[in-house]
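**Student:** This is the structure, below, for whatever I ask next.
The values are calculated or read from the model by the stated rules, or taken from the named source; none is laboratory data. Just so it is clear, the model here is predicted, and its values are computed rather than measured. Cβ: placed from backbone, ideal geometry, glycine included. Neighbour counts: every protein chain shown.
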Amino acid sequence: MKKIIFLLSIIISTSCSSDQSVTPVAPEPPVVIAPLTATFAQVDVVVYGGNTGSVTITPSGGTPPYTISPSQTGLIAGNYTFNITDSKGLTAVITTKITQPIATIPQSGLLKPAVKNINKKLNTGKMKEAVKRLVQSIQYDKNKFKIDESSDYSLTDNLYSANEDLLNVGTPKGDVRSYTYNDLGQLTQISIQKGPGSIGSSGIEFSYEYDSNGNVINNDTPYTYENGLITNVLLDGYWTTYTYDSNGRVIHRKGKMNSSTFEYTDQEVKETRYEVLSSLEEVANGRVVITKYDNAKAGIYNNEPYYKIATTFSSLLGQTLPNPYLHVIEQKIVDNGVAQKSQSYKYFYDTDGYLIKVDDAVYVTIYIYQ
């Protein structure tokens, strides 16, 4: 016999009287979001000119995640502004300054001139030092050139700040000189592209020819050489003659209308100006130019004959210097015993000791190497 089992589901309902009270459910308290803030710690640049600075930023508040810009690592010295943004678009700003040590200059013996003579076939220390060669120089007006004040701290020698390359991308250029070499590494030509308002015309400024030993001969130029020194220059129909001492320094320059004598000490060059009355008579005109220099450092050009005359412009004198290989610190003009005006120079080098920038208080010249 089969058994049939019935399951009964009994629902018991209860009801409350209308006068029974109901306890309301309390709402969730609102979520309070703290304001977006941030703290930071920074690491300054260890070596002058380096990019080892960094900033560690710790945001709090707001709604994570956070984004931070710009990059906080690989920083050079300078002022920085960092923007912190949370996921809801709230922002906070942090500003700080990354510092660096004061620049230090290589020892005097390591400083190198802008043009290094690698032409002579001589096995000398000088020749071995020449690992880069000048390919271009660019002149700027001093009042337009933007400087990195953290590096521009001395009246004489400074370490060049590469920040200035970026600062002056749009700065108007003056005269631009280009230096050309032959397959032997000998300088063969200096050409110039004149800047706006510059006197003269663009083109080849100097050209050089060499004998088999690397000596400059320049048969087809306005220069006459004796014992490797320029003794005569013919320009615009006028001759200028130069006389040297046993150290190869110019001691007398004579042109058609004026002339100069040069007296040297270990720190100064005294140039006395003359009016040329005849081929035999020169009369002092009362003007003396005093050039203070450092004989332990290389100047703008190396001490080689074809770099000694011209090519280095003195803003104070309004003419080229007869001894551009001197590391000039200051020049002053004295008329009849009364000082008229003076001019100080600043030199800027890279970490290898190569001259990168010269500031003569009127113009800034930048030297570019390969």
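**Student:** Return the only residue of Lys256, Lys270 being part of a strand (DSSP E or B), surrounded by fewer than 17 Cβ atoms within 10 Å (Cβ to Cβ) and modelled with pLDDT of 85 or more. Can you show your working first?
**Tutor:** Details: Lys256 fails: part of a strand (DSSP E or B).
So the residue among Lys256, Lys270 that is part of a strand (DSSP E or B), surrounded by fewer than 17 Cβ atoms within 10 Å (Cβ to Cβ) and modelled with pLDDT of 85 or more is Lys270.
**Student:** If you don't mind, there's one more thing I want to ask. Count, please, the residues in the range 43-67 that happen to be touching a residue at least 24 places away in the same chain (Cβ under 8 Å) and in contact with a Phe, Trp or Tyr (Cβ under 9 Å, 6 or more places away or on another chain).
**Tutor:** Selection size over the range 43-67: 5.
**Student:** Here is a list of conditions, (1) under 24 Å from Gly248 (Cα atoms); (2) at pLDDT below 90; (3) not basic (Lys, Arg), and Asp352 meets all of them except one; can you say which number that is?
**Tutor:** (1)
**Student:** Going by the structure shown, is Val269 under 24 Å from Tyr208 (Cα atoms) and of a type in the set (A, V, I, L, M, F, W, C)? Let's see the steps before the verdict.
**Tutor:** Numbers: under 24 Å from Tyr208 (Cα atoms): no; of a type in the set (A, V, I, L, M, F, W, C): yes.
Criteria not met by Val269.
**Student:** Would you mind finding the one in Thr224, Thr188, Thr231 that is touching a strand residue (DSSP E or B) at 6+ places or on another chain (Cβ under 8 Å), free of Cβ contacts under 8 Å to residues at least 12 places away in the same chain and more than 30 Å from Asn336 (Cβ to Cβ)? First the steps, then the outcome.
**Tutor:** Details: Thr188 fails: free of Cβ contacts under 8 Å to residues at least 12 places away in the same chain; Thr231 fails: free of Cβ contacts under 8 Å to residues at least 12 places away in the same chain.
Criteria check complete, one pass: Thr224.
**Student:** Select from the range 324-349 the residues that are in a loop (DSSP other than H, G, I, E, B) and surrounded by 19 or more Cβ atoms within 10 Å (Cβ to Cβ) and write down the one among them that is modelled with the lowest pLDDT. Even if it seems obvious, please write down each step before you answer.
**Tutor:** Of the residues in the range 324-349, the ones in a loop (DSSP other than H, G, I, E, B) are 324-327, 336-337, 345.
From the residues that got through so far, the ones that are surrounded by 19 or more Cβ atoms within 10 Å (Cβ to Cβ) too are 324-327, 345.
Numbers: Pro324: 58, Tyr325: 64, Leu326: 73, His327: 77, Tyr345: 86.
Among them, the one singled out is Pro324.
**Student:** Take the range 44-60 and flag every residue that is assigned to a strand (DSSP E or B), of a type in the set (Val, Ile, Thr) and surrounded by 14 or more Cβ atoms within 10 Å (Cβ to Cβ).
**Tutor:** The initial filter retains those residues of the range 44-60 that are assigned to a strand (DSSP E or B), namely 53-60.
The next check asks that each one be of a type in the set (Val, Ile, Thr); those that pass are 55-58.
Val55, Ile57 - these are the residues of the range 44-60 that are assigned to a strand (DSSP E or B), of a type in the set (Val, Ile, Thr) and surrounded by 14 or more Cβ atoms within 10 Å (Cβ to Cβ).
**Student:** When you scan the range 61-80, do you find a residue that is part of a strand (DSSP E or B), over 29 Å from Ser150 (Cα atoms) and within 37 Å of the chain's Cα centre (by Cα), even just one?
**Tutor:** Within the range 61-80, the first condition is being part of a strand (DSSP E or B), and the residues that meet it are 67-69, 75, 78-80.
Checking the rest, the ones that are also over 29 Å from Ser150 (Cα atoms) come to 67.
Subset that is within 37 Å of the chain's Cα centre (by Cα): 67.
Yes, because at least one residue in the range 61-80 is part of a strand (DSSP E or B), over 29 Å from Ser150 (Cα atoms) and within 37 Å of the chain's Cα centre (by Cα).
**Student:** While we're looking at this one, here's another question. Working carefully through the options Asn168, Asn123, Asn219, Asn143, find the one that is polar (S, T, N, Q), over 20 Å from Tyr349 (Cβ atoms) and modelled with pLDDT of 90 or more. Spell out the reasoning first.
**Tutor:** Numbers: Asn168 fails: over 20 Å from Tyr349 (Cβ atoms); Asn123 fails: modelled with pLDDT of 90 or more; Asn219 fails: modelled with pLDDT of 90 or more.
Testing whether each residue is polar (S, T, N, Q), over 20 Å from Tyr349 (Cβ atoms) and modelled with pLDDT of 90 or more leaves just Asn143.
**Student:** Say whether the condition of being without any contact (Cβ under 8 Å) to a residue 24 or more places away in the chain and either surrounded by fewer than 16 Cβ atoms within 10 Å (Cβ to Cβ) or assigned to a loop (DSSP other than H, G, I, E, B) (or both) is met by at least one residue in the range 153-160. Show your work before the answer.
**Tutor:** Taking the range 153-160 as the starting set, the residues that turn out to be without any contact (Cβ under 8 Å) to a residue 24 or more places away in the chain are none.
Scanning the range 153-160, I find no residue that is without any contact (Cβ under 8 Å) to a residue 24 or more places away in the chain and either surrounded by fewer than 16 Cβ atoms within 10 Å (Cβ to Cβ) or assigned to a loop (DSSP other than H, G, I, E, B) (or both), so the answer is no.
**Student:** Of Gly174, Gly170, which residue is loosely packed, with under 13 Cβ neighbours inside 10 Å and within 29 Å of Ile368 (Cβ to Cβ)? Working first, answer last.
**Tutor:** Numbers: Gly174 fails: loosely packed, with under 13 Cβ neighbours inside 10 Å.
Of the residues listed, the single one that is loosely packed, with under 13 Cβ neighbours inside 10 Å and within 29 Å of Ile368 (Cβ to Cβ) is Gly170.
**Student:** Pick from Gly174, Gly214, Gly195: which is in contact with a strand residue (DSSP E or B) (Cβ under 6 Å, 6 or more places away or on another chain) and not hydroxyl-bearing (Ser, Thr, Tyr)? If you could, list the steps in order and put the result at the bottom.
**Tutor:** Values: Gly214 fails: in contact with a strand residue (DSSP E or B) (Cβ under 6 Å, 6 or more places away or on another chain); Gly195 fails: in contact with a strand residue (DSSP E or B) (Cβ under 6 Å, 6 or more places away or on another chain).
So the residue among Gly174, Gly214, Gly195 that is in contact with a strand residue (DSSP E or B) (Cβ under 6 Å, 6 or more places away or on another chain) and not hydroxyl-bearing (Ser, Thr, Tyr) is Gly174.
**Student:** Provide a single number: the residues in the range 232-250 that are crowded, with 16+ Cβ neighbours inside 10 Å and either touching a Phe, Trp or Tyr at 6+ places or on another chain (Cβ under 8 Å) or polar (S, T, N, Q) (or both). Before the answer, list the steps.
**Tutor:** So in the range 232-250, the residues crowded, with 16+ Cβ neighbours inside 10 Å come out as 233, 240, 242, 244, 249-250.
Right, trim to either touching a Phe, Trp or Tyr at 6+ places or on another chain (Cβ under 8 Å) or polar (S, T, N, Q) (or both) and you get 233, 240, 249-250.
Result for the range 232-250: 4.
**Student:** How many residues are of a type in the set (Ser, Thr, Tyr) and at pLDDT below 90 when one looks only at the range 22-51? Please lay out each step first, then the result.
**Tutor:** Of all residues in the range 22-51, those of a type in the set (Ser, Thr, Tyr) come to 23, 37, 39, 48.
Remaining after also requiring at pLDDT below 90: 23, 48.
Number of matching residues: 2.
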